[in-house]
Amino acid sequence: MSEPSSIRYHDLRHVTGQSTLIDIDNGAVESAGTSFFNRAILRVLGSHGWGILQIDNFSPCSKKKFNSLLASASRLAAVTRQDVDLSEATYHALGVPPMQEDPRDVSIEEKTSLLSEIEQAARHPEIVNRRANYIERSEHILFSDSSGHEFSYEICRSGFNVLAVASRNGTVQMGYERVHSISGFDLRHRQEYGEKAAKVAIALLDAGNAKGGRMRAVLDPELAGVFAHEAVGHASEGDLVQEGSSVLAGRVGERIGNDRLSIVDDPSIPEFGFEPFDAEGVAVKRTEIIRNGVVNAFLHSRETLAAVGHGIAGHARAMAAEPPLVRMSNTYIENGDSTLEEMMELCKNGILLKGSRGGQVDPGRGIFQFNAEYGFLIEEGECTRMVRDVSLSGEILSTLHGILLCGNDRSMHPGYCGKGGQSVPVSDGAPHILLENAMVGGSGVD
Amino acid sequence: MAWIDQLLREGARRVDEVEVFFAKGIAVSADLKRKNINIATRSDECGLGIRTIDKGRIGSSSTHNPKKWKECLNAAIASGKLATPQRWDGLPEPVARDHEEICHDPLLTVDPETATGLLGQMLEGASQHPVQVTSGSATLSVSTDIIVNSCGVRYTSRYTGVSISLESIKDQSTGTEFAQSCFMDIDPFAVGERAAFLAFHSSGGQEITSGDYDVLLSPLAYAELLGAAFIPALNGRNVHVGRSLLAKKLGESIMDSHLSMYDDPFRQRGLGSTFWDAEGMPTKRIDFVRDGVLSSFAYDLRTAYRYGKESTASAIRGGASAGTAIGHHNFIIDGPRTGVADERVIYVNGVVGAHTANPMSGDFSVELSNAFWMEDGEFQAPIRSAMLAGNVFAMHKDIGGISDEMRQIGSMVLPSIRLQGQRVIGK
């Protein structure tokens, strides 16, 4: 069987590897083991759109068998009607940053014992539950396409979460810490995270509820990173721009924030969202989404770049055997030149928000929401009472104008981002920022 | 599948008990980019999950490659050696059950033409309102699950599924709708029409002043808040390890006496309907809350043995590689029905950010989406943007009623619920 003639392009992405998970709950090792995965995706671009095969347990096959897979995908492509074109792209594979210590060289017994130390560090009379999880996933990715590109890499992501739950007189609160990276094994001497989770949970027992309404807010680097991700990152994704579900569509060159604000996505830096090349084999590079307050570029795959323009391809990402989607990687607000002290002083009366419980955006409507782990009221420039369950919402096109100051202390924080049923590792970051007229949600009343 | 018997024999030689879960399936989907199909996909899924139990130590592993069952069995046994031993009284033995397939529609065909047809009907529905369709999807699937254990259980279940969704926009107002079923009984025209209706009728929304209001949560908005913070508190493991606010409240009145919550695994056309759970335990109805009184928690075997309880057959599995966990099959909210929208109320179709709720305390503050004023059951002016702040436990204390209509949202079957005096933060 020969390759079907209607095929304009095809690519294959085969992911194999193993994951190790350890779960310790109140001192008991609930599970500690390894699982194996092997999945592939074959994409064929027919006369109009894509035909895709997702295959569990794929093994490299003969030319004849491969051609029959191409023919199957081609038959699927035949039902499509959207004319898909692909932009030109540059191809280059970055090296995966070396790990200081390869987690795969550490026995699972030692990992379990180190994780247990972190979990035990959260012990306290008022802590009623401690839970620690270790997650390690090593993937081998093999990419090839009909243009003759062939790349592969191996990457290991590992890290841990620790949760502490405090209880007193019917009030229950939690503290949660996480550390995830691509830079190697990082479970040794990390008891401080267990202690911090416990400390935050206990402190939150005495915290009040924030009163909802509009006010000035100082966001810490972790939460400000989530703000960049939810308020700007998603709306800049080329697929959403293409289909008309982003308020940023058609706004390249338009000012949506003040001069001090620049927001970047960069898959090439050695943070948790790093990729040596993207899910279409394309070279990865930095994209400045917002430059000095003005919409500068969108994030793109080859398909969305051809359809929309403004930016570069190299932002397509995918879980094993899932279709590439335009995704963020390492997204951040660039440093400004203010200090936290200056922000607190200018804020005068408002709220300081710390940590993140995640967020969500409706990019078509331009409305986003995200939640802090906790906060402190700011009164006369000083942090006073601790508050809990504070969320923030806003409108993409107006809220960015409210960023009055950006700090000079940017840091990156790892996490996972969900879109189209796929969850991929990302990092978000920012310096401290001061936001005017922030819409704060809380159930407290005067 | 002789390898499964080989696996059981090999496992039984090395550990006390072995459980094998094997799933195989095909799914076909077609996706819209605006009004045209740009992707058609076929997915061939295959997964093996193994659990071993030896002297109370539970081990597990999974693989996509059943030919590598030996490697997977070794990994499961190795993982069991690290687990803390617990009381364990055995995997279930087989129970004779009526083997009628409860989630299988022989008339459901898994092919791209059927998916294309569903998309076409959704687009026709959407054309009833002047909006732009942004994306949509239709997926058809068929799969077979096998649970086998060393105590003689060997259950095979076939499943079929259809799911559709459509997203649309009118200016800066979005509307999305979906439907999911095990049977070819969905109404794609209605789904398309509803997505377009929501986008069209939400445009030109007005501001609202902060204050306390009566709020009518649609089944969708209600499901998101329940799933984020209430349902985890009914999980037996969370109850016993200190992660549930409901832990010490069994037998107490925890909500309005007009409300009951139960799991009905035998519900006709329920998406989670099943005769046995993911550990092969025969399923049964579980009454979590009866007329406002907390009556039961959900248990799998592991948690039940550990804490001296009985399994409620609540083990679920999100596929071979996901392992087993405590969940529910068809979670239902029930009670006397009233006219929930007769008096003026804020109708909330969806919420943004439910997953950021505090899973321990139940406190949430979320942004509303597709919110309208409603009176005499009729949609009135849309509300542009507002946040809803509250507590998922407290909001059930004194409700304003639940609607006649029920809707299936994943593994939940819910009415709309009217909540009284909820904090809404507007301009």
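Overview of values
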quantity	calculated
Sole residue being under 30 Å from residue A:365 (Cα atoms), of a type in the set (Lys, Arg), under 22 Å from the mean Cα position of the chain (by Cα) and crowded, with 20+ Cβ neighbours inside 10 Å, chosen from B:194, B:237	B:194
Residue that is surrounded by 16 or more Cβ atoms within 10 Å (Cβ to Cβ), within 8 Å of chain B (Cβ to nearest Cβ), among the hydroxyl-bearing types (Ser, Thr, Tyr) and farther than 23 Å from residue A:20 by Cα, where the choices are A:80, A:112	A:80
Count of residues meeting criterion [surrounded by 20 or more Cβ atoms within 10 Å (Cβ to Cβ) and within 24 Å of residue B:283 (Cα to Cα)] in segment B:64-96	2
Residue list for segment B:76-99, restricted to those being within 7 Å of chain A (Cβ to nearest Cβ) and part of a loop (DSSP other than H, G, I, E, B)	B:83, B:84
Failed condition for residue A:143, given (1) within 30 Å of residue B:357 (Cβ to Cβ); (2) crowded, with 18+ Cβ neighbours inside 10 Å; (3) more than 13 Å from chain B (Cβ to nearest Cβ); (4) not acidic (Asp, Glu)	(1)
Of all residues making up segment B:364-386, the number that are over 13 Å from residue B:217 (Cα atoms) and touching a residue at least 40 places away in the same chain (Cβ under 8 Å)	9
Qualifying residue in segment A:250-262 (condition: in contact with a Gly (Cβ under 7 Å, 6 or more places away or on another chain) and within 12 Å of another protein chain (Cβ to nearest Cβ))	no
Residue ID - surrounded by the most Cβ atoms within 10 Å (Cβ to Cβ), chosen from residues in segment A:39-51 that are more than 7 Å from chain B (Cβ to nearest Cβ) and either in contact with a strand residue (DSSP E or B) (Cβ under 7 Å, 6 or more places away or on another chain) or farther than 26 Å from residue B:45 by Cα (or both)	A:44
Residue satisfying all of: in segment B:30-60; more than 7 Å from chain A (Cβ to nearest Cβ) and part of a loop (DSSP other than H, G, I, E, B); surrounded by the fewest Cβ atoms within 10 Å (Cβ to Cβ) among these	B:55
Elements of type strands (runs of 3 or more DSSP E) in segment A:338-446, at least 2 residues being touching a Pro at 6+ places or on another chain (Cβ under 7 Å) and surrounded by fewer than 23 Cβ atoms within 10 Å (Cβ to Cβ)	A:411-419
Selection count where residues are over 30 Å from residue B:278 (Cα atoms), over 25 Å from the mean Cα position of the chain (by Cα), away from chain A (no Cβ under 12 Å) and buried (at least 19 other Cβ atoms within 10 Å of the Cβ), scope segment B:122-167	3
Some residue of segment A:64-72 being facing chain B (nearest Cβ under 9 Å) and touching a residue at least 24 places away in the same chain (Cβ under 8 Å)	no
Which listed residue is within 11 Å of another protein chain (Cβ to nearest Cβ), at pLDDT below 95 and surrounded by fewer than 20 Cβ atoms within 10 Å (Cβ to Cβ), from A:209, A:169	A:209
Any chance residue A:227 is within 30 Å of residue A:275 (Cα to Cα), among the aromatic types (Phe, Trp, Tyr) and not assigned by TED's automatic domain parsing to the domain that holds residue A:128	yes
Qualifying residue in segment A:127-146 (condition: out of contact with any strand residue (DSSP E or B) (no Cβ under 9 Å at 6 or more places or on another chain) and either of a type in the set (Gly, Ala, Ser) or over 26 Å from residue B:80 (Cβ atoms) (or both))	no
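Rundown of residues vs (1) buried (at least 24 other Cβ atoms within 10 Å of the Cβ); (2) under 17 Å from the mean Cα position of the chain (by Cα); (3) within 14 Å of chain A (Cβ to nearest Cβ); (4) within 20 Å of residue B:295 (Cα to Cα), yes/no style:
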| residue | (1), (2), (3), (4) |
| --- | --- |
| B:313 | yes, yes, no, yes |
| B:320 | yes, no, yes, no |
| B:324 | no, yes, yes, no |
| B:327 | no, yes, no, yes |
| B:336 | no, no, no, yes |
| B:342 | no, no, no, no |
| B:364 | yes, no, yes, no |
| B:369 | yes, no, yes, no |
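Residues checked against (1) touching a residue at least 60 places away in the same chain (Cβ under 8 Å); (2) hydrophobic (A, V, I, L, M, F, W, C); (3) over 25 Å from residue B:320 (Cβ atoms); (4) in a loop (DSSP other than H, G, I, E, B):
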| position | (1), (2), (3), (4) |
| --- | --- |
| B:240 | yes, no, yes, no |
| B:251 | no, no, yes, yes |
| B:258 | yes, no, yes, yes |
| B:261 | yes, yes, yes, no |
| B:273 | yes, no, no, yes |
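For (1) facing chain B (nearest Cβ under 8 Å); (2) within 20 Å of residue A:279 (Cα to Cα); (3) out of contact with any Gly (no Cβ under 9 Å at 6 or more places or on another chain), each residue gets a yes or a no:
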{"position": "A:9", "(1), (2), (3)": "no, yes, yes"}
{"position": "A:26", "(1), (2), (3)": "yes, no, no"}
{"position": "A:34", "(1), (2), (3)": "yes, no, yes"}
{"position": "A:37", "(1), (2), (3)": "yes, yes, no"}
{"position": "A:53", "(1), (2), (3)": "yes, yes, yes"}
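Here is a yes/no grid of residues against (1) in contact (Cβ under 8 Å) with a residue 24 or more places away in the chain; (2) among the small types (Gly, Ala, Ser):
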| position | (1), (2) |
| --- | --- |
| B:5 | no, no |
| B:17 | yes, no |
| B:21 | yes, no |
| B:35 | yes, no |
| B:39 | no, no |
| B:54 | yes, no |
| B:76 | yes, yes |
| B:98 | yes, no |
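The values are calculated or read from the model by the stated rules, or taken from the named source; none is laboratory data. Owing to the predicted nature of the structure, the values given are computational and were not obtained by experimental measurement. Reconstructed Cβ throughout: ideal geometry from the backbone, glycine too, with neighbour counts over all protein chains shown.
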